[in-house]
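Notes to accompany the following structure.
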Amino acid sequence: MRLEAYRENVAKLGREVRFLRMALLVVGLVALVMSLLVAFGGKSVRVEVIHPPGTGKDFWVSTEGFDKSYLEQMGVFLGYALLSVTPETVDAQARMVLPLLDPRMRGPFKARAMAMRKRLSEHGMSLAFHPKQVWVGKKDCRIRVDGELTILVGSAQARRKPVSLHVDCVSRNGRFYVTRMDYDDRLAR
């Protein structure tokens, strides 16, 4: 009787040992796969966080037009989105601006963004825009943002130059649309 009980206990312990060995093997394989993913897969992942500047003023918008504060904020936002770029962020920032553009401007704007990305990539450049003054038209929907553009090659500052962004806009049922946008295309040269 005792011998039979001991044999059952030994058999039970043998099953538990086999189960624990199998569990240890599975955990070891999972750890190996995860360490390989971290070692080799993590190098190709790059995350770009693009955060548009927040609004610092209250403003109103109606179907007939926009408050001066709103136009100032939109001018600064467009300045940052268009002129503070790297080769990696040009496309994402262009996608942020596209919904604000008049449909007739979207094709030429995409071509301009692609050309800028190519130019920045070829030379390893990035641009940083620092707005200094915002002008808003008194009677019409026009915005001018004057500022300084810092051109970086790699991580070294190449030069600074003054730049102006000119924007014509229109209100369509209370929605802001850019009908014309002008800035120096030779910025990255």
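Each value in this text was obtained by applying a stated rule to the coordinates, not by laboratory testing. From a predicted model like this one, the values you see are computed outputs, not experimental measurements. Here the Cβ is made from the backbone with ideal geometry for all residues, glycine too, and neighbour counts use every protein chain on show.
Just a few scattered comments:
- Amide H contacts of Y177 (H built 1.01 Å from N, in plane; Pro and chain starts excluded): V170, R172 sit under 5 Å, all sequence-distant by 5 or more or on other chains.
- Shape of the range 72-134, Cα gyration tensor, a/c cut at 1.5: oblate
- Pair E88, S69: separation of 7 Å Cα→Cβ label points (nm): 3.6
- Gyration tensor verdict on the range 68-182 (Cα atoms; rounded if a/c is under 1.5, prolate if a/b is larger than b/c, oblate otherwise): oblate
- Averaging the Cα positions of each part gives two centres, and for the range 1-41 and the range 97-124 these lie 58 Å apart.
- Charge sum, other residues only, whose C-beta stays under 12 Å from E148's C-beta, Lys/Arg counted +1 and Asp/Glu -1: +3
- Computed from backbone phi, the HN-Hα couplings of the range 14-19 come to x, 5, 5, 5, 4, 4 Hz, rounded to whole numbers (Karplus: 6.51 cos²θ - 1.76 cosθ + 1.60, θ = phi - 60°; Gly and Pro given as x).
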